[in-house]
Amino acid sequence: MKKVRFVVTTGGTGIAPRDVTPEATRSVCTRLLEGVAERMRSEGAKTAKFAALSRSVCGVRGQALILNLPGKPSGAVESLESVIDLIPHALQLLSGDTKHQ
């Protein structure tokens, strides 16, 4: 049986009453990765004036990495691009491979 290692959601990260993705993500994560979400917002703020209103959450459950991306397609792409370099190393660490190179 294969296990899920990487989960990406899009949408539901704003401040409207219907936006509940961050709460759902927090409820399943064992640890949050605040720095990853901060990087997405920081990079997003360079091109989108409302990026600071994003409530995207990133975290870990078991050996899986979970990222919330904005629902706007361009925002989702920019957010993922801003953290894509972190993903291989994060997955390596989550798999138990913690040796430093």
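Throughout, read-outs are computed from the coordinates displayed, never taken from laboratory work. Nothing here was measured: the structure is a model prediction, and the numbers come from that model. Here Cβ is always computed from backbone atoms with ideal geometry, including for glycine, and neighbour counts include all displayed protein chains.
Given the options SER42, SER82, SER27, state which has the largest fluctuation in a GNM of the chain using a 10 Å cut-off (strictly under) for Cα springs.
Per the Cα network of the chain with a 10 Å cutoff, SER27 tops the list.
Describe numerically, in nm with one decimal, the distance between label points set 7 Å from Cα along Cα→Cβ at LYS49 and at HIS89.
It is 3.5 nm.
Using only Cα positions of the stretch 23-76, each an equal point scatterer, no hydration layer, compute I(q)/I(0) via Debye at q = 0.20, 0.23 Å⁻¹ and quote the log10 values to two decimals.
-0.68, -0.84
Which percent, to the nearest 5, of DSSP beta bridges fully inside the chain are antiparallel?
Details: 6 of 11 bridges.
Just about 55 percent of them are antiparallel.
Sequence neighbours fewer than 8 away in the same chain don't count; with that in mind, list the lysines whose C-alpha is under 20 Å from LYS46.
In chain and number order, the partners are LYS72.
Please report, in whole Å³, the volume per residue of the convex hull around the C-alpha atoms of the stretch 54-101. Walk me through the intermediate numbers first.
On the way: hull volume 3.7 nm³, N = 48.
Per-residue hull volume (Cα only) is 76 Å³.
Which percent of Cα pairs goes in each bin when the distances of the stretch 9-101 are cut into 5 angstrom slices starting at zero?
So the P(r) values, bin by bin, are 3, 14, 25, 24, 18, 9, 5, 2, 0, 0.
Starting from 0.36 nm per residue, how many nanometres of slack lie between THR98 and VAL7 once their C-alpha separation is accounted for? Could you put the intermediate results ahead of the total?
Details: separation 91, 0.36 × 91 = 32.76 nm, distance 2.13 nm.
Value of the extension gain: 30.6 nm.
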